[in-house]
Amino acid sequence: MKIIRAILIGTVLLAGISAFAQRADVFVEYSYLHFSPTVTGLDSRNFNGGGGGLDLYFLKIFGIKADFMGYASTTFTKTYATEVIIPGRGTIPAGTYTTQGNMFTYLAGPVLRLPFPVVKPFGEVLFGGSYTNAYVDLSKQIDDNGGTLSTPSQHPFTMAAGGGVDVSVSHRLAIRLGEFDYVLTRYTNPLTSTNNQNNFRYTGGVILKF
């Protein structure tokens, strides 16, 4: 519900801001996310997905971007040979725990671009939130096996910073060859109580210009 509320609020705000925009770009993209879960012994995960959003440009070089991406489920597995006690959090019984998790991000922020006739490089800093059920499901498996973690659902602060290149095909159509972002998420995971994940994102797709 928090994700839906954030999307609705963002849509209303963009609708109001759009009255002052000189141009709007609507994009649909494939997205790859390399996620680092910050759990010792748990490998980084690769998410594949996609989504879309809107760029509103008020000047030739300055705009506001709204970005919504969803990623398909991936599997996390962690094995403990003996019981682990996490101070202030609870206990993890010995065993192997496997869970699947998807991910969703909702971000917005300023965009600066170089308005060359055909090739348009740009940079951006986006802020917002995200959601994954991976940590919650992992915590539930541990608790079902006698553990005491009880990790609540999380919608943490999320940030993306980077840039990319758009190439105009026609007056109404452009191709986003690539956008490359550092993505910070702040999930508190149930195994270590750390809350900074340093991730990488690539997106690319089609842009409709209005």
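Only one of the numbered conditions (1) touching a Gly at 6+ places or on another chain (Cβ under 9 Å); (2) of a type in the set (Asp, Glu); (3) over 30 Å from Thr98 (Cβ atoms) is not met by Asp181, and that is (3).
Sub-8 Å Cβ pairs linking a first residue in the range 139-152 that is touching a residue at least 60 places away in the same chain (Cβ under 8 Å) to a second residue that is among the small types (Gly, Ala, Ser), at least 6 apart or interchain, are Leu149/Gly90; Leu149/Ser139; Ser150/Gly90; Ser150/Ser139, ordered by first then second residue. Annotation: Tyr32 fulfils all but one of (1) over 24 Å from Ser170 (Cα atoms); (2) of a type in the set (Phe, Trp, Tyr); (3) surrounded by fewer than 19 Cβ atoms within 10 Å (Cβ to Cβ); (4) over 15 Å from the mean Cα position of the chain (by Cα); the unmet one is (4).
Taking the criterion of being at pLDDT below 90, closer than 30 Å to Phe116 by Cα and of a type in the set (D, E, K, R), the only residue of the range 35-90 that qualifies is Lys60.
Tell me, which residue of the range 85-97 that is free of Cβ contacts under 8 Å to residues at least 60 places away in the same chain and in a strand (DSSP E or B) is nearest to Leu138 (Cα to Cα)?
By that ranking, first place goes to Tyr97.
Based on what the data block shows, is Val125 surrounded by fewer than 18 Cβ atoms within 10 Å (Cβ to Cβ), modelled with pLDDT of 90 or more and not in a loop (DSSP other than H, G, I, E, B)? So Val125 fits the description; yes.
The values are calculated or read from the model by the stated rules, or taken from the named source; none is laboratory data. The structure displayed is predicted, hence computed values, not measured ones. When we count neighbours, we look across all protein chains shown, and the Cβ atoms used for this are built from the backbone with ideal geometry, even at glycine.
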